[in-house]
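Some notes on the structure that comes next.
The values are calculated or read from the model by the stated rules, or taken from the named source; none is laboratory data. Note that the structure is predicted; figures quoted are calculated from it, not measured. Glycine gets a Cβ as well: all are built from the backbone with ideal geometry, and neighbour counts include every protein chain shown.
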Amino acid sequence: MHIRDPRVIAREPHKRFLTGICADQSTSTLAFELTSIYILCHDDGLEGEAGVTTGIISYGAYVPRARLRSDTVREALGTGRAGRTRAVAGYDEDTTTMAAEAARRALRGAAAESIGAVAFSSAHPVYAAKTNATAVHAALSLPARTRAVDRCGPERSALGALLDGFAGSGTQLVALADTVIGPSGGADEIGGGDGAAAFVLGSAAPVAELLGTGSATAEFLYRWGSPGEDFARTWEERFGQESYARLGAASVGQALDEAGLTPAEVTAWAATGLSERAVKQLGKSTGLGSVRADDLTTAIGRAGSAHAGILLADMLDRARPGDVLALTLLADGADTLVLRVTEAITALRRGETVAEQIAAGDDQLAYATFLTWKGLLSRPAPRRPEPLRISAPASLREARWKYGFTGARCDECATRHMPPQRVCLRCGATDRMKDEPLADVTGTIATYTVDHLAYSPAPPVIGVVIDFDGGGRFACELTDADPEAVAIGDRVQMTFRRIGEADGIVNYFWKARPLSEEAS
Amino acid sequence: MTSHGIKDRVAIIGMGCTQFGEHWETSTSDMAIDACEAAFASAGVAKDDVDAFWLGTLTSGFSGMTLSSALKTDYKPVTRVENFCASGSEAFRNACYAVASGAYDMVMAVGVEKLKDSGYSGLHRADPPNAGTGGSLTAPARFSVIAPSYSRKYGVDREDFKSAMTRVAWKNHANGARNERAQFRSEVPEETIRSSPRVAGDLGVFDCSGVSDGAAAAIIVRAEDAHKYTDSPLYVKALAFAAGPGTGPIDPEFDYTSFEEVVRSASDAYAQAGVTDPVEDLSMCEVHDCFTPTELVLMEDLGFSARGEAWSDTLEDRYARDGVLPVNPDGGLKSFGHPIGASGLRMLFECWLQLRGEAPEERQVSLRGRKYGLTQNLGGGPGECVSFVAIVGAEEG
């Protein structure tokens, strides 16, 4: 049940969360005064407060389809690493669309009406002077009463948003997304990644309960950049390794103390950070290295703000009831959280797993295409007029359709309409329509065409006519697909995408994409 | 639906049509003036004899002033109409009604379009501010969907359907090659058409109509007054228009093999004119061959071919200049070019020439005693369009 007044209403020492405050920042010894903030996660006010446990109710990850191989980069530049691939957001994806896709998956296992607040975090948000979380909120068709806020900043902000989500009142949805680029041939280019993860947090039958957290903060320069700069810069890696290993040890120790566990009791530990050497050193010093989960960087790269979330999702994909999972992020400090997986995980309705999405990647992306999509290679504009900016009032009027893909169903004859109509196309009845949510309805390609002339950063545009399961037809673009492989009868699902941008306004709408698996 | 028609109540007494093409040195005003002056000369009347004007244009100007400021029409009424690619036909239809009503004695319908000033290939249209949820597909892509849908519905091999598309383009180029006003004036080998670079779906460059500038005009009077001006007027037998609900793209029952708007407008026009068998009653027709699959489907929607047979009828040259029913003897949109607002009146211009025996010998069709000519003009895309059908004849009755 939604709580309209989300104030902290009680304190309870054994359900507490810890925030590390650096009190004495000498270089030799970092002393931490741990300030406890006691927050009761209050759900519906009916349960006994002592019985309330908070944790992850549901989750979802999103890994875009395209992969850039390091060999592809090496063929183009003559230098570079071998044997790695990174995930690449499509030309029609950004941190908002990927967050929305991850959140849609997370909502398969949770009731949308239960969400009290949405938080979005990215180091690379689409808008700086407009909230990005509202588009995620709209793509999920969440009610107006659900708060939606940005928690953007460098990647520690993402884990901070997650930790704060555990502490918030009611059920929270936290969506983390990022796109990472770097100079051609550099470590951030092939070592970076694009992706998103989302978590529904709260106390209603969590699949993983939060046992403890630990944080450590210190001000020092390791990776930095300013707004408007395409690429971040880093200090010498040896410096980062030592600083982060120390902070990491403090956060792990604190979190395990909170949980009342020893490192040997941890089933799996996912760790990532700005310094991989520091992570390895931390694994050795804590003993957690022996249960460290694959950090996925050779398969999809390191997706900045989203990466810790993707790793957590991957651990949860594989987890069994009773497992103890730990997650550590080393970025501008260190944060660790420890969770225990519950029986509820066996009944969770999940989207595609991280492993399934990794396996579904298409690694044929050409380097020139990658650079073009990332805006790093100037290509001639098509001889077509650029799309005009969208109208704000028209977008508001049509928000349920445009952002939520909600159509209409005629009360008289049950005909589905997309977009919504006031007059039924079949029986002619006027104003007899009811909302019909269609974003999660799959469909079949009735016919299609490949348009070599349409304006697109990734021509040709594939246009498909889709007959939706249960009725209704819509014509739109097909994305994440090979024009040569499209066929009448192919199965598709809808996906929230970036259609274009004009005057600094991004146009979001839905496209179809091949259905990778029949929804259960 | 009640549609009484105005058969034989009005007649065209003069027409003009510019050459269509890339007119870098000619403006919208220039082309409108040129087409009007040619029409005045054709009818033997002066500008001041005309009581009211209708102007069809999609994007080349706003309001009646687009014409009045060019032609200086002395404060007379000028109505600018826009109905997608059928804008010229719509100007003609409304002008005819104005004379038939008795409101005016002599009126003029003008169509003009300047497409080549945009700097873009293909047609583009400035939509009203919107939420950005409309499709981004180009016109050729929207029409290209006909090909796989038709092939699937009637079990026609995709290559055979492509052959029929190619034959349409070949025929219309062959006709346009004999037309001094056409944009493209050369015959094109079928292999060149077939292997032209793909634009959308199975459509190559040669399956698409020409993007061009041009203008055309007609002067209309009451039928009983026509012989004051000419010995050979062209009588209006039928004027029909259908605006569809635009639901094709959202209706699972729509199968992209027919334009209901064309079926409806043709049925109305045949009833107005008293046409019972179009192939027997028509001597020639001009149809909206914006893309080659469109012409194939139109042959069925207009009742010229049985369903599922237009492709094979076309391959048997049934619609060639010397075929059972000549279609687009002037080269059509394909070869004459498609300056949007002018195209409907350009179609009528060919009827004006052919039915009165004034077409150049090299493309004059054999009328074989048949009375009527037909123009069919479409605007929009499959499942969401407007359609105009006119029937005209050189004799009363």
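List of remarks:
- In the set A:Ala458, A:Ala439, A:Ala502, A:Ala454, only one residue is among the small types (Gly, Ala, Ser), surrounded by fewer than 21 Cβ atoms within 10 Å (Cβ to Cβ), within 11 Å of another protein chain (Cβ to nearest Cβ) and under 18 Å from A:Asp92 (Cβ atoms); that residue is A:Ala502.
- Residues (touching a residue at least 60 places away in the same chain (Cβ under 8 Å) and within 22 Å of A:Thr372 (Cβ to Cβ)) located in region A:448-476: A:Leu453, A:Ala454, A:Tyr455, A:Ser456, A:Pro457, A:Ala458, A:Pro459
- Look at (1) within 23 Å of A:Ala512 (Cβ to Cβ); (2) within 12 Å of chain B (Cβ to nearest Cβ); (3) touching a residue at least 60 places away in the same chain (Cβ under 8 Å) and you find that A:Pro385 fails only one, number (1).
- Subset of region B:96-109 (residues that are in a strand (DSSP E or B) and over 21 Å from the mean Cα position of the chain (by Cα)): B:Met106
- Considering each residue of region B:344-361 in turn, at least one proves to be assigned to a loop (DSSP other than H, G, I, E, B), in the same structural domain as B:Gln183 (by TED's automatic domain parsing), within 24 Å of B:Arg185 (Cβ to Cβ) and in contact with a Lys or Arg (Cβ under 7 Å, 6 or more places away or on another chain).
- B:Lys153 vs. criteria surrounded by fewer than 24 Cβ atoms within 10 Å (Cβ to Cβ) and in contact (Cβ under 8 Å) with a residue 40 or more places away in the chain: yes
- Restricted to region B:289-335, and to residues there that are small (Gly, Ala, Ser), closer than 18 Å to B:Gln354 by Cβ and touching a residue at least 12 places away in the same chain (Cβ under 8 Å), the residue that is surrounded by the fewest Cβ atoms within 10 Å (Cβ to Cβ) is B:Ala320.
- Residue under evaluation B:Thr66, criteria (1) in a helix (DSSP H, G or I); (2) under 30 Å from A:Ser395 (Cα atoms); (3) over 20 Å from the mean Cα position of the chain (by Cα), criterion not met: (2)
- Subset of region B:192-213 [at the interface with chain A (Cβ under 9 Å from one of its Cβ atoms) and assigned to a loop (DSSP other than H, G, I, E, B)]: B:Pro197, B:Gly201, B:Asp202
- So A:Gly182, is it more than 23 Å from A:Gly55 (Cβ to Cβ), more than 14 Å from the chain's Cα centre (by Cα), touching a residue at least 40 places away in the same chain (Cβ under 8 Å) and surrounded by fewer than 24 Cβ atoms within 10 Å (Cβ to Cβ): yes
- Scanning region B:33-50 for any residue that is part of a loop (DSSP other than H, G, I, E, B), of a type in the set (Asp, Glu), on the phi < 0 side of the Ramachandran plot and outside the structural domain of B:Glu180 (by TED's automatic domain parsing) turns up nothing.
- From the options A:Ala278, A:Ala245, A:Ala249, A:Ala205, residue that is more than 30 Å from A:Tyr91 (Cα to Cα), touching a helix residue (DSSP H, G or I) at 6+ places or on another chain (Cβ under 7 Å) and assigned to a loop (DSSP other than H, G, I, E, B): A:Ala205
- Selection status of A:Ala135, in the same structural domain as A:Leu201 (by TED's automatic domain parsing) and buried (at least 19 other Cβ atoms within 10 Å of the Cβ): yes
- Output for region B:104-134, where each listed residue is charged (D, E, K, R), more than 8 Å from every other protein chain (Cβ to nearest Cβ) and surrounded by fewer than 19 Cβ atoms within 10 Å (Cβ to Cβ): B:Asp105, B:Lys116, B:Asp117, B:Arg125
- Residues of region B:135-177 satisfying the condition of being more than 16 Å from B:Ala200 (Cβ to Cβ) and within 9 Å of another protein chain (Cβ to nearest Cβ): B:Arg152
- Residue match in region B:20-31 (condition: without any contact (Cβ under 8 Å) to a residue 60 or more places away in the chain, out of contact with any strand residue (DSSP E or B) (no Cβ under 8 Å at 6 or more places or on another chain) and not hydroxyl-bearing (Ser, Thr, Tyr)): yes
- Scan of region A:369-386 for residues that are surrounded by 13 or more Cβ atoms within 10 Å (Cβ to Cβ) and within 28 Å of the chain's Cα centre (by Cα), ordered by number: A:Thr369, A:Phe370, A:Leu371, A:Thr372, A:Trp373, A:Lys374, A:Leu376, A:Leu377
- When the test is whether a residue is facing chain B (nearest Cβ under 7 Å), at negative phi and not in a strand (DSSP E or B), A:Ala475 does not pass it.
- Lone unmet requirement of (1) in a helix (DSSP H, G or I); (2) modelled with pLDDT of 95 or more; (3) not acidic (Asp, Glu) for B:Val112: (1)
- Only one of the numbered conditions (1) in contact (Cβ under 8 Å) with a residue 24 or more places away in the chain; (2) closer than 29 Å to B:Pro382 by Cα is not met by B:Phe62, and that is (1).
- Restricting attention to region B:223-244, the residues being in a loop (DSSP other than H, G, I, E, B), touching a residue at least 40 places away in the same chain (Cβ under 8 Å) and not small (Gly, Ala, Ser) number 3.
- Residue check, B:Ser258 out of contact with any Lys or Arg (no Cβ under 6 Å at 6 or more places or on another chain), hydroxyl-bearing (Ser, Thr, Tyr), in the same structural domain as B:Gly176 (by TED's automatic domain parsing) and surrounded by fewer than 19 Cβ atoms within 10 Å (Cβ to Cβ): no
- Being over 26 Å from the mean Cα position of the chain (by Cα) and closer than 22 Å to A:Glu189 by Cβ holds for only one residue in A:Glu237, A:Glu258, A:Glu242, and it is A:Glu237.
- So B:Tyr319, is it more than 21 Å from B:Phe92 (Cα to Cα) and aromatic (Phe, Trp, Tyr): yes
- A:Trp401 being within 11 Å of another protein chain (Cβ to nearest Cβ), surrounded by 19 or more Cβ atoms within 10 Å (Cβ to Cβ) and either of a type outside the set (Lys, Arg) or in contact (Cβ under 8 Å) with a residue 40 or more places away in the chain (or both): yes
- Residue count for region B:266-288, restricted to those that are in a helix (DSSP H, G or I) and either aliphatic (A, V, I, L, M) or free of Cβ contacts under 8 Å to residues at least 60 places away in the same chain (or both): 6
- Filter result for the condition that a residue is at negative phi, of a type in the set (Lys, Arg) and not assigned by TED's automatic domain parsing to the domain that holds A:Leu68, over A:Arg379, A:Arg302, A:Arg350: A:Arg379
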